[in-house]
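Please find one structure pasted underneath; my questions will follow.
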Amino acid sequence: MRTMHPFTLPELVEQWLVDRGDHEALVQGDTSLTYADLWEESGRLAYGLATLGVKKGDRVVLHVPKSPFEIVATYAISRLGGVVVNVNANVTTRQLLHVLNNSGARVAITHARAANDLSAEGAPDSLERIVVVDSEAEEDGLLQPLSSLPRDGEPPSVRLIDRDRCALIYTSGSTGLPKGVLLSHETVVQSARSAATHLRNSCDDRALGVLPVSFDFGLSQVTTMALVGGTLVMPRASLPAELLRTIRDHQVNAAAMVPTMWIPFVRLLQKQEIQLPQIRYVANSGGPLPTDVQRAWPSVFPEARHYLMYGMTEGFRSTYLPPEDFHRKLGSIGVPLPNVELFVVHPERGLCGPNERGELLHRGNLVSEGYYRNPAATAEKIKPGPHLEHLIGEEPVLYSGDTVYRDEDGYLWFVARTTTFIKTSDFRVSPTEVEDVVFSSGLVTDVVAFGRAHETLGQVVEIAVSSPDGPPDLDALSAYCQRALP
């Protein structure tokens, strides 16, 4: 039973302390933290960070491997009113320096190797302290071992409301250096509420937490489980065998991943003829899932609800395909999430009718504040829609950059990123559609379609493929493509 209605990130945990404090919140291997443990540990770390001067509004870079500590640190920073800048542990020093410079972070929490690289490269002037999580060395200039932080006091009480900023997520982007997307507590909590509504989450869920928390989908898994009082089970790696072991050993009953994880995992289950009937639901986002993998879901997860979803970092989730429509609308990205309104708009003709292609525009309280310290990019992405003025006035909406269409029943179908279409012989070809057809041949395990400049055709479509047993049969693949592709 909840003790409060959460408005902020820390309140997602605090709400369970009275009636559910002893319930597991986080699990990884032999490590387990209850909600009471998570609150206590995050408070102790918050006290230590406060002694370094971290206060409301400060950006704190968190650059550590996926672990319970990463979640503890996320809540600790948030309890001080800080802005969590979570960076994937595998990024290069150049990328990490870009995030530190762009965010203006005063403190970074990282591992020894990255700390030494930053010291050698020259840390930004704004960075006052690097907390090193895996070093017992003495404090040295910028560097301070985590173990030396005092943790025996109460963290300062900081008043937070939902409009305060709590997270800065850097998008990978298709070109150039990543841009920071600034999120408020309201956006993060509302995204968890939206996810819990359409996924039908409950306190009995034990969700597989394999996605990086630096990714909006991964952060949503953390907050959604906290919202409903469930358990996040984190494998130590994303290898298929490790995922299977984690699901079996820790009674995981919900799994949401991205295509690069789903494809090899489903292959493993099929190859070993394994079914996982304990799984209540499976969900995909972060890119189109090959049709063959979608079709395989019911055979390996026979008792699960199956969700196909679509979203953007700038707007978290946008759509989902209801499980009852999974077979009837296989491949569709579905309908708008609760409390989300979507439009399909052609830049010249305006609102599109059924089966007319246009750009997807997103309206709702999940839309972020925009790109940090980049007003020009924000104005290009989040702006009023001239074709929508008669419906919503001058309210800004999120321009997805994705081409979609609505069918006669109102279901949305993803076509391609607007910037990735291949223009060949005056036809606009979606690389995603090409990849899906090639993958369905069963002759390859991975495929990427792309355009190459051509003197007379503009571009020609080329594919790069791999297979598990050496070079694929290119003659057979070519014959299949001639039959299956336009």
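The values are calculated or read from the model by the stated rules, or taken from the named source; none is laboratory data. Keep in mind it's a predicted model, so treat the numbers as computed, not measured. Note that we place each Cβ from the backbone using ideal geometry, even for glycine, and neighbour counts take in every protein chain shown. Areas reflect the complete protein model, heavy atoms only, side chains present, ligands, DNA and RNA absent. Shrake-Rupley method; radii C 1.70, N 1.55, O 1.52, S 1.80 Å.
Failed condition for H306, given (1) touching a Lys or Arg at 6+ places or on another chain (Cβ under 9 Å); (2) open to solvent by 10 Å² or more (accessible area, probe 1.4 Å), with all others met?
(1)
Ok, one more. What's the number of the only condition in (1) surrounded by 19 or more Cβ atoms within 10 Å (Cβ to Cβ); (2) in contact with a strand residue (DSSP E or B) (Cβ under 6 Å, 6 or more places away or on another chain) that L52 fails to meet?
(1)
Here's a follow-up. Report the residue count in region 153-176 for those that are surrounded by 15 or more Cβ atoms within 10 Å (Cβ to Cβ) and part of a loop (DSSP other than H, G, I, E, B).
Residues in region 153-176 being surrounded by 15 or more Cβ atoms within 10 Å (Cβ to Cβ) and part of a loop (DSSP other than H, G, I, E, B): 6 in total.
Among the residues of region 77-134, how many are more than 11 Å from V60 (Cβ to Cβ), open to solvent by less than 50 Å² (accessible area, probe 1.4 Å), hydroxyl-bearing (S, T, Y) and in a helix (DSSP H, G or I)?
Looking only at that region, the number is 1.
Same structure again: Just checking, which of L211, L219, L227, L232 is assigned to a helix (DSSP H, G or I) and within 22 Å of P259 (Cα to Cα)?
L219
In region 388-423, which residue that is closer than 23 Å to Y320 by Cα and among the charged types (D, E, K, R) is most open to solvent (accessible area, probe 1.4 Å)?
E408
Out of all the residues in region 333-376, which are among the hydrophobic types (A, V, I, L, M, F, W, C), surrounded by 15 or more Cβ atoms within 10 Å (Cβ to Cβ) and not in a strand (DSSP E or B)? Let's see the steps before the verdict.
So in region 333-376, the residues among the hydrophobic types (A, V, I, L, M, F, W, C) come out as 333, 335, 337, 340, 342-345, 351-352, 360-361, 366-367, 376.
Those still in the list that are surrounded by 15 or more Cβ atoms within 10 Å (Cβ to Cβ) too: 333, 335, 337, 340, 342-345, 351-352, 360-361, 366-367.
Selection gives I333, L337, C352, L366, V367.
Scan region 1-23 for residues that are open to solvent by less than 60 Å² (accessible area, probe 1.4 Å) and either within 19 Å of V252 (Cβ to Cβ) or of a type in the set (D, E, K, R) (or both) and report the count.
3
Counting just the residues of region 428-486 that are among the hydroxyl-bearing types (S, T, Y) and within 30 Å of the chain's Cα centre (by Cα), which one comes out least open to solvent (accessible area, probe 1.4 Å)?
Per the stated criteria, the residue is S430.
Any idea which of (1) hydroxyl-bearing (S, T, Y); (2) open to solvent by 30 Å² or more (accessible area, probe 1.4 Å); (3) in a strand (DSSP E or B) is the one S318 doesn't satisfy?
Just one mismatch for S318, condition (2).
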